[in-house]
Amino acid sequence: MTDQTPKPVAVVTGAAGDIGMAIAAQLSATHIIAAVDIDMIALEGAVESLENHGADIAAIQCDLTKADDLARLAKEAARLGQVNTIINNAGAAAALTLHQMTAETLSRDLALNLEAALNCFKAFEQPLISSGAGNVVNIASVNGLSVFGHPAYSAAKAGLIHATRSIAVEYGKYGIRSNAIAPGTVKTQAWKIRQAANPDVFDEALSWYPFKSLPEPNDIASAVSFLISPAARCITGVCLPVDSGLTAGSPALARTFTQSPDFDGF
Ligand SMILES: NC(=O)c1ccc[n+]([C@@H]2O[C@H](COP(=O)([O-])OP(=O)(O)OC[C@H]3O[C@@H](n4cnc5c(N)ncnc54)[C@H](O)[C@@H]3O)[C@@H](O)[C@H]2O)c1
């Protein structure tokens, strides 16, 4: 890209959250950022701080579960330039267990964590195609790969991983790549209530991870940066765990199965 070539636009949803903000910050090196969130006050704060670090970034308020909002988002983002990248990062979990789940929380979890991402992709289908080299990255979760609670959110994330492959298979002919990332436990605002209930929640979580450091927002952002880069030119349809080994296996169980002290120390 020469200095004269305008930067393409990357749409980052949930950009007021910690992971979304880290993604927006890293992608601003190569893209104009359309920073999207339902929470405009938090979004404006995030955008101001990224602008102060030199990002070319616009705040766009949008409830991603609303069709009208998505249509407006597509128009506003198009005004910034050629959209070639969509990062579906907005997400949240409503019910903790199946016992607690209701028809209403099920709909809410599916609407935000699965339907909104697919609808957002559809809203930007034409610019992604016309860019000739589009990228979609869906922020899924380890919950989409194994059972860790939050069942409806997890089912939605599993669906999102499948949808990622569907986009890769059907839109590869347009030069569009589609990949997912499955973060492990990342210390963000989303953990506020659980951390208040148990201040040791992150230390307890860490004890289950083979690699002794939890992923941080920037680790997720680095994976996004890689997946949309030319270095990942032939990578599409994958789900990349950024989970410090959580889904690779369990040292404690390996200790039990082998009775080998080589698995001690966790
Ligand atoms: N934090 C973790 O441990 C973790 C682990 C695995 C996956 N993830 C995933 O990473 C992504 C980001 O998570 P986070 O921890 O940064 O969460 P966060 O709560 O800090 O940020 C999520 C953002 O999404 C926004 N949002 C919620 N509903 C929206 C809607 N309807 N329309 C537009 N924006 C909306 C929120 O306002 C918030 O700013 C989510 O998809 C989450 O499921 C997080």
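The values are calculated or read from the model by the stated rules, or taken from the named source; none is laboratory data. These figures come from a predicted structure and were not determined experimentally. Every residue, glycine among them, receives a Cβ derived from its backbone with ideal geometry; neighbour counts consider all protein chains shown. Protein only, heavy atoms only, side chains kept; ligands, DNA and RNA dropped before computing areas. Shrake-Rupley method; radii C 1.70, N 1.55, O 1.52, S 1.80 Å.
Just to confirm, what accessible area per residue do you get for the chain at 1.4 Å probe, in whole Å²? Mind dumping the intermediate values first?
Working: 13300 Å² over 266 residues.
On a per-residue basis, 50 Å².
As a test of understanding, state the convex hull volume per residue of region 43-117 from its alpha carbons, in Å³.
In region 43-117, the Cα convex hull volume per residue is 114 Å³.
Quick one, what does Rg over Rh come out to for region 78-175 if you take C-alpha atoms and the Kirkwood Rh? Write out the running numbers ahead of the final one.
Values: Rg = 14.9 Å, Rh = 14.2 Å.
Checking Rg against Rh, the ratio lands at 1.05.
Mind checking which of GLY91, ALA248, ALA46 is farthest towards the positive end of region 9-263's charge dipole, using Cβ charges of +1 (Lys, Arg) and -1 (Asp, Glu) about the Cα centre?
ALA248
Positive end of the charge dipole of the chain (Lys, Arg +1 and Asp, Glu -1 on Cβ, about the Cα centre): tell me which of ILE220, VAL186, ILE167 has its Cα farthest that way.
The listed residue farthest towards the positive side: ILE167.
Nothing charged except the Cβ atoms of Lys and Arg (+1) and of Asp and Glu (-1): what's the magnitude of the dipole of region 9-263 about its Cα centre? Round to the nearest 20 debye. The partial results should precede the final answer.
On the way: 16 positive and 23 negative charges, 144 e Å.
That gives region 9-263 a dipole magnitude of about 700 debye.
Would you kindly derive the ³J(HN,Hα) couplings of region 210-220 from the backbone phi angles with the Karplus curve 6.51 cos²θ - 1.76 cosθ + 1.60 (θ = phi - 60°), listing them in order in whole Hz, with x for Gly and Pro?
x, 8, 7, 7, 7, x, 10, x, 5, 5, 5
Number of Lys pairs in the chain with C-alpha atoms less than 17 angstrom apart, excluding same-chain neighbours closer than eight positions?
Details: LYS66/LYS75; LYS66/LYS122; LYS75/LYS122; LYS122/LYS173; LYS187/LYS212.
For the chain, the number of qualifying lysine pairs is 5.
For region 127-260, compute Rg over Rh where Rg is the Cα radius of gyration and Rh is the Kirkwood radius from the inverse mean 1/r over Cα pairs. Could you put the intermediate results ahead of the total?
On the way: Rg = 16.9 Å, Rh = 16.3 Å.
Ratio of gyration radius to Kirkwood radius: 1.04.
With the cut-off at 1.5 for a/c, could you classify region 101-150 from its C-alpha gyration tensor as rounded, prolate or oblate? Provide the component values of the computation, followed by the final result.
Numbers: a/c = 6.52, a/b = 1.91, b/c = 3.41.
Oblate.
Springs between alpha-carbon atoms under 10 Å, Gaussian network over the chain: tell me which of LEU206, LEU114, LEU70 tops the mean-square fluctuations.
LEU206
Skipping prolines and chain starts, which residues have an amide H placed within reach, meaning under 5 Å, of the one on LEU240, given they are 5 or more residues away or on another chain?
ALA180, ILE181, ALA182
What residues qualify as long-range amide H neighbours of ALA90, i.e. H under 5 Å apart, gap of 5 or more or another chain, H built at 1.01 Å from N?
THR13, GLY14
Per the 1.4 Å probe, what fraction of the accessible area of the chain, in percent, lies on carbon and sulfur atoms?
Numbers: 7620 of 13300 Å².
Carbon and sulfur atoms account for 57 percent of the accessible area of the chain.
Please turn the phi angles of region 139-148 into ³J(HN,Hα) values with the Karplus equation 6.51 cos²θ - 1.76 cosθ + 1.60 (θ = phi - 60°), one per residue in order, whole Hz, x for glycine and proline.
Result, rounded to whole Hz: 7, 8, 5, 4, 5, x, 10, 7, 9, 10.
Beta carbons within 10 angstrom, averaged per residue: use that to sort the peptides 123-129, 78-84, 39-45, highest first. Provide the component values of the computation, followed by the final result.
Numbers: 123-129: 19.7, 78-84: 17.9, 39-45: 15.1.
So the peptides 123-129, 78-84, 39-45, ranked by packing, come out 123-129, 78-84, 39-45.
Rounded to the nearest 20 debye, what is the charge dipole size of region 94-188 about its Cα centre when +1 sits on each Lys and Arg Cβ and -1 on each Asp and Glu Cβ?
Dipole about the Cα centre, nearest 20: 240 debye.
Does the chain classify as rounded, prolate or oblate by the C-alpha gyration tensor (a ≥ b ≥ c root eigenvalues; a/c under 1.5 gives rounded; else a/b over b/c gives prolate, otherwise oblate)?
Values: a/c = 1.68, a/b = 1.53, b/c = 1.10.
Since a/c reaches 1.5 and a/b is larger than b/c, the shape of the chain is classed as prolate.
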